[in-house]
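Each remark here refers to the structure printed beneath this line.
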Amino acid sequence: MIRFIPELIITSGREVIVQHAPAGEEACCVLLLFPHLRQVHIDAIEQDQGGLLITARSRTDHAICQRCATPAGRRHSRYRRRLHDLPASGRPMVIELEVRRFFCDNPACDVRTFVEQVPALTQRHARRTPLLRAALEAIALALAGRAGARLASVLGLVAGRSTLIRLIHALPDPEIGRLTAVGVDDFALRRGNSYGTVLIDMTTHRPIDLLLDRQAGTLADWLRAHPDVEVICRDRASAYAEGALKGAPQATQCADRWHLWHNLIQAVERSVARHRSCLSDPQADVPEQPEQASAARSTAGKGSTRFADRTRAKHARIHELKAVGHSLRAIARQLGMTDRTVI
Ligand SMILES: [Zn+2]
């Protein structure tokens, strides 16, 4: 069982919880709470209203040159780095770490001096520990900028929305692995003006790449770089058909489930609208006179269908909203239509 008796010393408003922790029970307790500090010697842990400050220094007497991997023991200088770490019990935590600059004595190496990096604690030019960075990356990936910054603040992590977006941009692209079935579709960068192409791994249903346009040549180049593709799911755009044929002639092209349903719905609606005049209105209780039925069919045949009625009603509504000063975009949003349909 590990016992911990903190040594409380009040110095200029700060409580020094641990001072010069020996390699005994206090040190064990600190490492239990902060296992990522195993590689450093903790000089002191202090707290004030701003949070916890841990003063530490490296334990080893040498470092490995990052360029040539040669151990170096000849010291050049030392300085202090401030690293923001994960909060401890909701309190912000800063590690003030003394690091050393070493000479690389390998004559074949073009590095004269380098700064040591402490495993699991420091990275070149980083002002956050890997633990804190991983937590912020997870928040940014889940919630992006503004919402991520709000949650981070509640959890005691200090990061603005721009910082979170930068962290996402700095992440390496995930490994795609072997790709056999790919989905291709377009997306709007600026609706009506500029479109790109999104590529989906149909096995994992995750997006894997974006192309800056929806030209056949661009898709063909991408497919040539991925020769394992066996199935291409696409819509009916001729550019994608041409690109798929040029870039992956070995692949089978098919329509994906969404486009099949979408196309079927459109075809059924058009067909029903066209044949609306073939259907009589249900009037089971009152037998219809032949003249009335003929007149009704005649009226329906002139376009008085439900589809046409609905379209006319929408058209009228658009003009009403335009007349009272609504923008085209606002009208589209209100009626659940695209800007282009409203135009
Ligand atoms: Zn070196």
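The values are calculated or read from the model by the stated rules, or taken from the named source; none is laboratory data. Since the model is a prediction, treat every value here as computed from it, not as a measurement. Reconstructed Cβ throughout: ideal geometry from the backbone, glycine too, with neighbour counts over all protein chains shown. The area values use the complete protein model at the heavy-atom level, side chains included, leaving out ligands, DNA and RNA. Shrake-Rupley method; radii C 1.70, N 1.55, O 1.52, S 1.80 Å.
What to note about this one:
- Test for Thr70: is it in the same structural domain as Phe102 (by TED's automatic domain parsing) and within 13 Å of the ligand (Cβ to nearest atom): yes
- Just one residue in the set Leu141, Leu171, Leu83 is surrounded by 15 or more Cβ atoms within 10 Å (Cβ to Cβ) and on the phi < 0 side of the Ramachandran plot; that residue is Leu83.
- Thr129 fulfils the conditions (1) surrounded by 14 or more Cβ atoms within 10 Å (Cβ to Cβ); (2) more than 14 Å from His84 (Cα to Cα); (3) of a type in the set (Ser, Thr, Tyr) except for a single criterion, (2).
- Take the conditions (1) among the polar types (S, T, N, Q); (2) open to solvent by less than 60 Å² (accessible area, probe 1.4 Å); (3) within 16 Å of the ligand (Cβ to nearest atom); Ser77 misses just one of them, which is (3).
- Residue list for segment 40-63, filter: within 16 Å of the ligand (Cβ to nearest atom) and surrounded by 16 or more Cβ atoms within 10 Å (Cβ to Cβ): Ala63
- The residues of segment 144-158 that are at negative phi and either open to solvent by less than 80 Å² (accessible area, probe 1.4 Å) or in a helix (DSSP H, G or I) (or both), listed by number, are Gly145, Arg146, Ala147, Gly148, Ala149, Arg150, Leu151, Ala152, Ser153, Val154, Leu157.
- In the set (1) modelled with pLDDT under 90; (2) over 27 Å from Leu155 (Cα atoms), Arg74 fails one condition alone, (1).
- Applying the condition of being within 28 Å of Asp43 (Cα to Cα) and within 13 Å of the ligand (Cβ to nearest atom) to segment 105-125 and asking which residue is surrounded by the fewest Cβ atoms within 10 Å (Cβ to Cβ) yields Thr113.
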